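Derivation of every value follows stated rules applied to the coordinates shown; laboratory data play no part. Being a predicted model, the structure only gives us computed values, none of them experimental. Glycine also receives a Cβ, built like all others from the backbone with ideal geometry; neighbour counts cover every protein chain displayed.
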Amino acid sequence: MSNNPSNIPRSPRLSTPDNLLQLCLRDHYDILRELGRGTYGKVVLAKCRETGTNIALKILPKTHVKLKEFQREFNLSYFLSPHTNIVDTYNVAFETRVSFVFVQEFAPFGDLFDLISPQEGMSEKDSKTVMKQISSALDFMHSKQLVHRDIKPENILVFEKDFSKVKLMDFGMSRKEGTIVRKVNGSIPYTPPEICDAVRNESISVSSSGDMFAYGVLLFCMLTGNFPWENADISDIYYNEFIQWQRRKTTKIPSQWRKFTPRLMRFFRKALDCKPERRCEVKDISKYINDNWLRQTKTSNDSDFEDDVTDSDHMDKLTNILQDHGIETKVDKRLRERRISEWLLAS
Ligand SMILES: Nc1ncnc2c1ncn2[C@@H]1O[C@H](COP(=O)(O)OP(=O)(O)OP(=O)(O)O)[C@@H](O)[C@H]1O
């Protein structure tokens with residue numbers, strides 16, 4: 001870390017994380033607007049006075065982020081930048097009196113979360129376009145023994161309106177495969193069950209299978225505009241329902257998964273396995289990319305909602321028939337209302 005005692009104006013481009021200059025933000029950048037806020041820091045759109053380009057500044061307050069943590073996030077982001085589907089981080093980092101700052105390319109269409117219509121989701125075509133690119137970015141990370149650990153739509157930036165260019169970002173939680181970390185945060189729908197199960201401060205070994213689970217949940221969110229569950233915990237009725245099907249305890253597919261084809265359900269069964277070691281790999285999505293993912297029309301044939309064994313539960317059959325005729329059951333109505341409030345709370 002170094003100050004600039006001689007008062008000679010210095011370019012932020014001379015400052016790197018190993019040689020951190022103390023600069024005044026407004027001497028070098030025109031701050032245009034705030035792009036987003038995270039748990040600790042914020043990201044702003046700024047114009048660099050020296051080059052005239054619009055860039056994104058990630059600003060992390062020293063009160064919450066240690067120099068070592070800042071350097072780790074910056075170094076990882078910079079190291080991963082060469083991949084087409086990972087946000088470009090420039091070799092520019094500096095400190096102000098109160099914050100650490102680094103510079104990234106600006107994404108004109110913001111993050112993916114804002115582009116997923118609540119309760120509707122995105123089209124199958126757009127979802128496939130996004131999933132292919134994120135799979136490539138994650139496969140690149142995993143091949144370098146790195147685990148992202150925070151896969152969610154808020155961490156995917158959109159550079160083209162038709163989603164032909166999206167990039168993964170936010171490597172603040174990323175760690176080497178096998179690193180032992182302690183559980184500190186609560187769970188969100190993307191958190192894998194093995195981490196939901198851990199108690200606060202419990203030691204956890206970082207694994208790419210955690211990214212696989214979050215990637216599966218991400219796909220569900222993109223295609224439906226809903227979360228599949230609140231927590232991947234057996235006490236969550238939606239997760240419990242799914243896991244009963246996933247473990248083949250029942251052949252009946254839970255209602256919120258019925259818009260997907262058997263082929264896509266095969267992928268979900270592997271991606272969202274409760275045992276991390278049994279999950280498939282992110283790159284396996286390529287085996288499913290040319291299949292239909294969404295059922296074309298509603299069917300009145302109950303067996304279409306089952307795997308391969310006939311379920312003789314008459315109540316379930318009745319529920320399916322009602323759904324086929326567009327009649328919402330009480331359970332479904334409650335489920336839908338709950339999903340809506342969850343989605344609103346999250347946005
Ligand atoms: N390069 C960028 N271009 C456009 N918008 C951006 C860019 N970087 C970040 N954002 C916006 O700012 C938000 C917060 O960014 P980011 O996730 O990096 O912050 P964070 O403090 O690490 O958040 P978290 O608490 O999720 O770790 C993003 O969700 C996105 O909407």
HN-Hα couplings for the range 53-70 via Karplus (6.51, -1.76, 1.60; θ = phi - 60°), in whole Hz with x for Gly/Pro, come out as 8, 7, 9, 9, 9, 8, 10, 10, x, 5, 5, 10, 10, 7, 3, 4, 5, 4
The answer for Leu146, listing residues at least 5 apart or on another chain whose modeled amide H is closer than 5 Å to its amide H, is Glu177
Restricting to lysines and to Cα separations under 17 Å from Lys125, and discarding same-chain partners fewer than 8 apart, the set is Lys161, Lys165, Lys259, Lys287
Of 116-122, 47-53, ordering from highest average Cβ density within 10 Å down gives 116-122, 47-53
With 0.36 nm assigned to each residue of separation and the Cα-Cα distance removed, Asn292 to Met173 gains 39.4 nm
Checking rank on 173-180, 237-244, with mean other Cβ inside 10 Å and highest first, the result is 237-244, 173-180
Cross-link reach from Lys252 to lysines, straight Cα distance under 20 Å and at least 8 residues apart if same chain, gives Lys270, Lys298, Lys317, Lys330, Lys333
